[in-house]
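One structure below.
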């Protein structure tokens, strides 16, 4: 999945006690833009996205700052 088309991520379970890793955080909901049309990710796509720890970490950092 190309994460550059992912928008509007709702990150859940951001725990400052495990900062700076935020290893408990995950993407609960997100939108992908395909052919200029946004749609919500499916459960399967969310599972795939949540396997991308670097992407999740960047989303947490973006939300905090």
**Prompt:** Hey, does region 34-56 have a residue that's more than 11 Å from the chain's Cα centre (by Cα), closer than 12 Å to residue 3 by Cα and not in a helix (DSSP H, G or I)?
**Reply:** yes
**Message:** Can you tell me how many residues within region 13-27 are in a strand (DSSP E or B) and either free of Cβ contacts under 8 Å to residues at least 12 places away in the same chain or exposed (fewer than 11 other Cβ atoms within 10 Å of the Cβ) (or both)?
**Reply:** 0
**Enumeration of residues in region 28-45 that are surrounded by 13 or more Cβ atoms within 10 Å (Cβ to Cβ) and farther than 13 Å from residue 8 by Cα** = 45
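Read the figures in this text as sums done on the coordinates, not as results from a lab. As the structure is a prediction and not an experimental result, all values here were calculated from the model. Please note: Cβ atoms are built from the backbone with ideal geometry, for glycine as well, and neighbour counts cover all protein chains shown.
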